[in-house]
Each structure stands twice: as structure tokens, then as C-alpha cells.
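Worksheet for the structure shown next.
The values are calculated or read from the model by the stated rules, or taken from the named source; none is laboratory data. Just so we're clear, the structure is a prediction, and the values are computed from it rather than from any experiment. So basically every Cβ, Gly included, is an ideal-geometry build from the backbone, and we count neighbours across all protein chains shown. Just so you know, the surface numbers come from the protein's heavy atoms only, side chains and all, with ligands and any DNA or RNA stripped out. Shrake-Rupley method; radii C 1.70, N 1.55, O 1.52, S 1.80 Å.
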Amino acid sequence: MPTYSIASYKKSERLFALYQCLPRSEADAMSLTELMVGYGDDPDNYINERKKLENDLIGLNQIFNDIFYSDALVRVPAWGNNISGKTARFYIEPSFSIDVINEQTVFFWEMLDKYTANYLPVSFKQEITDKLTQLRRQDKDKFHQSPLGQWQDHLITLPSIVQAPKLDSEVIGSIHQALLQNRQLRIGYQNKWEEKPVQRVVYPKGLIFIDNMIYLTGFNPADDHIDDNKLLEEHRNFAFNRITEAVAIDKPIPDWVGRDAFSLKSLHKLGRLEPTDDTQIKLILKVQRYACQHLYERPLSIDQQITIIDDTWKQVSATVANTTRLQDWLVSMSQLSVVIEPLELKVVILERLESGMQLYNRN
């Protein structure tokens with residue numbers, strides 16, 4: 001057991017430390033008194049700390065049962081049996097391990113979580129995220145027999161009209177390494193207008209998930225500057241599937257990249273994470289009555305308001321980001337809606353619709 005007091009930790013830290021310290025065989029099983037040697041070191045608070053240890057062992061056993069579907073934490077006599085007059089001893093089954101859940105696995109589940117963010121109910125997605133990130137991958141039989149595993153027979157994913165691009169696992173690994181270790185990144189990037197990939201160095205900042213696409217966001221190499229706006233000019237987004245190769249360079253990212261002004265949240269507010277004409281606009285639409293129904297279910301913004309114009313039309317107002325995705329959606333609504341304000345956006349949508357009509361008229 002460690003020489004410092006586990007009892008002084010927060011509960012989550014105590015449980016993890018306790019898991020590490022418990023013996024891995026029945027022959028080495030330890031009693032509460034033996035476990036207390038490293039768990040609590042305050043003689044004046046011994047009774048309370050011993051009770052805390054008992055509760056932590058019960059809690060750890062519950063976690064193994066609920067999340068890993070395993071009786072990994074063994075008590076002798078067994079859990080549920082009366083131990084009156086007996087000395088209970090505890091150990092971890094030697095075949096049990098959570099070490100398989102390494103940072104690469106967690107990173108994969110985080111990416112999957114982002115991919116499913118817009119397709120599953122929040123509460124259900126959260127349960128999947130919480131449990132799948134901790135499941136023992138080698139315990140497949142128990143997983144399939146568990147309530148979570150049985151969900152597989154009741155779920156199906158239908159493909160998008162446009163499929164998600166293929167991703168290179170080696171590229172993902174290098175970018176993952178560079179982000180976690182705060183290192184510069186050398187990438188080969190295939191621009192749409194170039195015949196061959198262009199080699200460039202990037203200060204990586206993070207990943208952006210938009211529908212079924214992933215983008216790497218970061219900065220071109222630049223010296224620190226007192227004016228953040230000058231540094232923002234070096235900000236770039238790269239489509240993940242166009243990165244042909246990536247290598248983490250043994251050079252740290254400059255400190256200025258870590259400023260609050262360049263956090264992912266700040267960059268998003270500034271409209272830097274996707275093509276944006278303006279950060280926020282007050283959008284007013286005239287929408288056909290029946291086409292408006294899905295906006296009740298999936299509003300454009302938290303301040304969206306819908307009012308009745310007549311038996312055919314409704315007016316929708318919402319504060320939104322004027323992104324290319326918004327314009328694409330408005331074009332897809334075509335005969336079902338009309339942009340009323342802002343006038344600049346109305347002109348853009350009209351021009352796109354007229355351009356499309358011209359293409360059809362030529363054929």
C-alpha cells in the first residue's frame with residue numbers, strides 16, 4: 001500500500017487508488033485492518049476512515065458489476081453472505097484488468113461520441129458514452145449478454161446521402177500524439193486545386209466535428225504578436241480526409257497558441273471553425289405551415305420564435321450563425337421557405353437558386 005493516506009482523496013481518486021492497491025490473488029487477500037495500513041493514517045479518526053474504506057470497497061464492487069459486468073472484486077466470505085464472527089478478506093481476480101482502456105481507446109470513443117452527437121437522444125447517448133468508454137474489450141461474451149449489449153439487436157444506423165470519408169489510422173495517431181503532447185505537426189495536405197499534396201508545418205489546436213466530416217484546426221507557424229488579430233490571420237482548418245500524412249515533430253507549440261483568445265470555444269464564437277460570413281444574424285423566414293413542423297422539434301436556436309401569418313404560412317425568427325451550412329439548408333428548403341431578413345442573405349440565397357435554375361434550363 002502507498003505511504004500516504006488514500007482516505008484524504010476525493011471518492012473517484014480513492015476508488016482508483018484502492019483498485020491499484022488491492023492484491024491480485026486469493027492467497028494474498030487482505031483484511032480491512034491490513035488495508036487500513038495504507039488507506040488511513042489518522043489515529044484520531046481511525047473508526048471513520050475504516051468505515052469509509054468499507055463503503056469504498058462496496059462502491060468499487062458495485063462499479064465492477066454495473067459497468068464491467070464482472071465480479072472482479074472478491075470478498076471471502078462472498079458478498080451477501082453473513083460475516084458475523086469472521087474476518088472478511090478482499091482481492092481482485094487476477095484475470096481482471098482495466099488497463100486495456102488506454103488513451104488511444106478513450107480517444108476513439110470520444111471521436112465516436114462526437115459522431116453520434118446529432119443522431120441519438122442526449123440521455124441515451126450519454127449512457128452509451130459513459131459505459132462503452134470503460135467496457136473491457138476482451139469480455140465480449142458478458143457484454144453481449146448484458147442489457148447494454150442486448151441493445152444491439154434493436155439499433156440500426158442508416159447511411160447518410162453523402163458517406164463519411166475514409167480516415168487514415170496512422171494520420172489519426174500522429175495528430176492525436178501531437179495534440180496530447182503539445183507538439184508541432186508536419187502534414188501532407190491535398191488541396192482541391194493542387195495535383196500533389198503540399199508539405200506544411202502546423203501548430204495543431206484541436207478537432208472539429210461537422211456532420212460526418214472531421215477537420216483539424218490550427219495555425220500556420222508564426223512569431224508571437226501583441227495583436228491577437230494578426231495571429232488569427234494564421235488560423236487554418238484542414239479537412240481530415242485530405243491529410244495524406246502526418247508526423248509529430250519534436251518541437252513544442254509556442255505558448256501564444258494556448259491563449260484563451262485561441263481556445264476552441266473562442267474560435268467558434270469568432271466564426272473561425274467553419275465558413276462564416278458573419279458571427280450572428282437575426283434570421284427571419286416565411287415558412288410553409290407544414291414544413292415548419294420540424295422546426296418545433298429541432299429549433300434553429302434557443303431564442304427561436306414561430307408566429308402564424310395565415311393558413312398557409314408561418315414566420316420563424318431566430319438568432320443564428322450565418323454559415324455556409326445555414327445557406328445550404330435554406331437552399332434545400334427552396335419552395336418551402338423565403339428569407340425575409342437579413343436582405344444580404346436573401347440576395348445570396350436568391351442568387352444560388354437562380355444559378356441552379358439556369359443549370360436545369362440548359363439541360
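Structural remarks
- Region 21-63 - charge dipole about Cα centre, Lys and Arg +1 at Cβ, Asp and Glu -1, debye rounded to 20: 160 debye
- Convex hull of alpha carbon positions in region 221-300: directionally averaged projected area 8.8 nm².
- Arg289 accessible area, assembled protein chains, probe 1.4 Å, Å²: 110 Å²
- Were the residues from Leu158 through Lys265 laid out at 0.36 nm apart, the gain over their Cα-Cα distance would be 35.4 nm.
- At full extension, Ala27 and Arg352 could sit 109.4 nm farther apart than now, given 0.36 nm per residue minus the alpha carbon distance.
- Of Tyr296, Tyr290, Tyr46, Tyr203, the residue with the largest accessible area leads and the full order is Tyr290, Tyr296, Tyr46, Tyr203 (1.4 Å probe).
- Cβ-derived FRET efficiency at R0 25 Å, Gln181 paired with Tyr9, nearest 0.05: 0.40
- In the assembled protein chains, Met333 presents an accessible area of approximately 20 Å² (probe radius 1.4 Å).
- Pairs exceeding a 27 Å alpha-carbon distance, out of Lys230/Lys251; Lys10/Lys269; Lys314/Lys346; Lys166/Lys346; Lys230/Lys346: Lys10/Lys269; Lys166/Lys346; Lys230/Lys346.
- Residues Ser337, Ser355, Ser266 ordered from highest to lowest accessible area at a 1.4 Å probe: Ser355, Ser266, Ser337.
- Proximal charge balance of Tyr39 [Cβ under 11 Å; K/R count +1, D/E count -1]: -3
- Here the Kirkwood formula puts the hydrodynamic radius of region 174-244 at 13.0 Å, using every distinct Cα pair.
- Label reach from Val201 (point 7 Å along Cα→C-beta): in region 236-257, amide nitrogens under 11 Å belong to 249-254.
- In a reduced charge model with +1 at each Lys and Arg Cβ and -1 at each Asp and Glu Cβ, region 151-292 shows a dipole moment near 400 debye about its Cα centre.
- Using the Cβ-Cβ distance between Ile302 and Asp328 with R0 set to 22 Å, the FRET efficiency works out to roughly 0.50.
- When the residues Glu49, Glu344, Glu195, Glu34 are ordered by accessible surface, computed with a 1.4 Å probe over the protein chains alone, the sequence from largest down reads Glu195, Glu344, Glu34, Glu49.
- Extending 7 Å from Cα along the Cβ direction at Arg289 and again at Leu167 yields two label points whose distance is 4.5 nm.
- On the beta carbon distance between Val37 and Ser95, with R0 = 25 Å, the FRET formula returns roughly 0.40.
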